[in-house]
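*Asks:* Starting off with a structure, shown below.
Readers should treat all values here as calculations from the given coordinates under stated rules, not as data from a laboratory. Since the model is a prediction, treat every value here as computed from it, not as a measurement. Reconstructed Cβ throughout: ideal geometry from the backbone, glycine too, with neighbour counts over all protein chains shown.
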Amino acid sequence: MDDFEFAEALTRNNMGGYYRRHHLVWRGDLFLGSWRESENFILEIDHQPIGVLRITQEGDSLHIRDVQIAEGHRRLGAGTYLLDISHQWARERGLRELQLRVFVDNPAARLYHRKGYKPAGPRLAQLGAIRHLARRV
């Protein structure tokens with residue numbers, strides 16, 4: 001819980017525009033519940049937090065709940081690192097796939113596609129605003 005405030009603030013800040021555009025409401029109580037159910041990791045550079053990775057394991061899948069990178073540290077490889085480490089952990093755990101969800105208008109979707117994630121199921125939420133993606137381990 002020591003890192004919860006940083007993680008929620010970063011996530012809410014990064015996702016706020018998508019929530020507004022897609023007519024969704026941020027719910028801190030839901031984020032807290034999800035935080036408590038997830039494995040949560042803080043990415044640091046020189047002891048300063050710059051990112052968040054949140055994962056859950058469900059059956060033979062590792063679900064990436066959040067990859068959040070602070071402004072000023074994006075497009076420098078931090079997100080790629082968190083995806084790569086997630087893939088490594090899934091392989092070490094003997095899982096068969098990784099899954100994540102992304103807003104359809106989020107530029108990070110390009111990174112996910114480059115890393116081998118493909119659409120897996122229908123779009124979710126308001127007017128198909130969220131895409132469910134998966135990749136084999």
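*Asks:* Calculate the dipole size of the stretch 4-99 relative to its Cα centre from +1 charges on Lys and Arg beta carbons and -1 charges on Asp and Glu beta carbons; express the result in debye to the nearest 20.
*Replies:* Values: 12 positive and 14 negative charges, 80 e Å.
Roughly 380 debye, rounded to the nearest 20.
*Asks:* Return the long-range amide H neighbours of residue 137 (sequence gap of 5 or more, or a different chain), with a cut-off of under 5 Å between placed amide H atoms.
*Replies:* 97, 98
*Asks:* State the extension gain, in nm to one decimal, for the chain segment bounded by residue 75 and residue 96, taking 0.36 nm per residue of separation less the distance between their alpha-carbons. Working shown, then result.
*Replies:* Numbers: separation 21, 0.36 × 21 = 7.56 nm, distance 2.81 nm.
Residue separation times 0.36 nm, minus the Cα-Cα distance, leaves 4.8 nm.
*Asks:* Of 59, 25, 43, which is farthest towards the positive pole of the stretch 4-99's charge dipole, taken about the Cα centre with +1 and -1 on the beta-carbons of Lys, Arg and Asp, Glu respectively?
*Replies:* Result: 25, furthest along the dipole toward the positive end.
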